[in-house]
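The values are calculated or read from the model by the stated rules, or taken from the named source; none is laboratory data. Quick caveat, the model's predicted, so the values are computed rather than measured. No Cβ is skipped: glycine too gets one built from the backbone with ideal geometry, and neighbour counts run over all protein chains shown. All accessible areas refer to the heavy atoms of the entire protein, side chains included, with ligands and DNA or RNA removed. Shrake-Rupley method; radii C 1.70, N 1.55, O 1.52, S 1.80 Å.
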Amino acid sequence: MSCVLCFWIFCFLGDIRLRGQTGVPAERRDTTYSGEIGTKKKVKRLLSFQRYFHASRLLRGIIPQAPLHLLDEDYLGQARHMLSKVGMWDFDIFLFDRLTNGNSLVTLLCHLFNSHGLIHHFKLDMVTLHRFLVMVQEDYHSQNPYHNAVHAADVTQAMHCYLKEPKLASFLTPLDIMLGLLAAAAHDVDHPGVNQPFLIKTNHHLANLYQNMSVLENHHWRSTIGMLRESRLLAHLPKEMTQDIEQQLGSLILATDINRQNEFLTRLKAHLHNKDLRLEDAHDRHFMLQIALKCADICNPCRIWEMSKQWSERVCEEFYRQGELEQKFELEISPLCNQQKDSIPSIQIGFMSYIVEPLFREWAHFTGNSALSENMLGHLAHNKAQWKSLLPRQHRSRGSSGSGPDQDHAGQGTESEEQTAREGDSP
């Protein structure tokens with residue numbers, strides 16, 4: 001093991017040791033049970049740190065003299081090349097995740113924090129930042145087909161693209177950028193792979209805790225704050241500033257609740273119609289960060305077909321798994337979760353028509369029909385046509401006749417059908 005790596009691990013362990021000794025009574029530190037739990041946690045974090053450290057070195061352009069053999073040098077070079085094009089809309093997050101040995105979220109965030117100058121501006125400790133990001137990545141459930149760390153990395157890359165939009169970029173402060181990236185990275189942390197209605201009807205403790213209101217989003221936010229405090233990433237900043245950061249992160253993450261879609265869309269339309277957005281004002285900038293995060297969260301239908309199709313298949317697989325759980329426990333199967341009745345094409349066409357298209361049309365209006373917006377809308381139209389061509393034959397024939405239950409799949413459904421599309425969380 002190289003001397004440099006030993007030094008960083010020494011610092012890492014020293015930081016954990018100091019954290020364990022600060023503000024904890026001696027009698028509690030000496031208890032066998034607490035010691036065992038603490039040791040297990042330290043070992044887990046250390047192993048995670050060692051596993052991810054090698055991948056992160058590419059961010060500083062360092063080629064290890066004694067590789068840890070976690071990543072092949074060719075993979076490192078390809079990942080480094082991809083990071084040089086991280087602002088391109090055709091960025092392939094699936095390939096990037098493979099090249100970084102499943103560490104796309106950590107590697108991407110370290111790179112973006114560095115390229116945006118956030119590490120220098122906020123005087124962040126690189127090891128502490130890395131440890132916090134590892135905590136975030138580990139708290140995503142890899143067994144979820146859709147709501148996992150790769151989805152978080154994909155949303156973060158999209159958010160980076162939106163933060164560069166000329167209509168927005170010139171007004172953003174370093175704090176705005178950091179909030180946008182952190183919220184994107186952590187917006188679905190510890191997602192259980194089922195939606196809010198499932199948690200409510202199974203009387204889940206989270207539903208009770210948050211009184212059935214934005215249950216998952218509240219959990220994502222609180223989990224993120226817990227990791228920020230545990231890692232002490234922002235401990236050197238003034239207390240008032242960290243409290244403000246925590247509240248703004250909550251406001252951003254809570255905005256991703258799909259049930260609040262009409263609320264935000266109505267406000268955005270009103271601002272654009274009245275031409276009263278003042279991005280010099282922190283309140284209006286924060287609102288547009290909320291809109292940007294909402295767009296990033298549901299941007300899959302606006303990606304190139306090959307990637308969009310993968311995401312669609314993944315989210316529907318997660319829906320179907322929920323439906324199987326509901327069937328197993330003799331519960332009513334939720335909308336979009338019945339694999340025998342809800343096909344992937346019909347789910348995606350409904351989602352695009354009711355949720356994605358309205359939001360991205362207004363986003364394009366805000367950006368002045370920027371090149372990126374035009375590109376996204378072009379992909380959206382193409383992907384919708386692709387899914388229509390894949391609809392079961394009977395669906396296509398009924399839809400073309402202008403009647404029947406599949407009119408919603410052509411984007412002309414009722415208000416209740418729009419609600420059904422929203423209840424599916426975020427395909």
Failed item in (1) free of Cβ contacts under 8 Å to residues at least 40 places away in the same chain; (2) under 30 Å from I119 (Cβ atoms), with D188 passing the rest: (1)
Just to be sure before I move on: is E357 modelled with pLDDT of 95 or more, of a type in the set (D, E) and surrounded by fewer than 21 Cβ atoms within 10 Å (Cβ to Cβ) in the structure I sent? yes
Number of positions in region 266-287 that are in contact with a helix residue (DSSP H, G or I) (Cβ under 6 Å, 6 or more places away or on another chain) and not charged (D, E, K, R): 4
Of I200, I245, which residue is among the aliphatic types (A, V, I, L, M), over 14 Å from the mean Cα position of the chain (by Cα) and open to solvent by less than 10 Å² (accessible area, probe 1.4 Å)? I245
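Within 22 Å of M213 (Cα to Cα), open to solvent by 40 Å² or more (accessible area, probe 1.4 Å) and at pLDDT 95 or above: which single residue out of I333, I298 fits that description?
From the options I333, I298, the qualifying one is I333.
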Just give me the residues in region 138-160 being assigned to a helix (DSSP H, G or I) and open to solvent by 10 Å² or more (accessible area, probe 1.4 Å), in sequence order. E138, A149, V150, H160
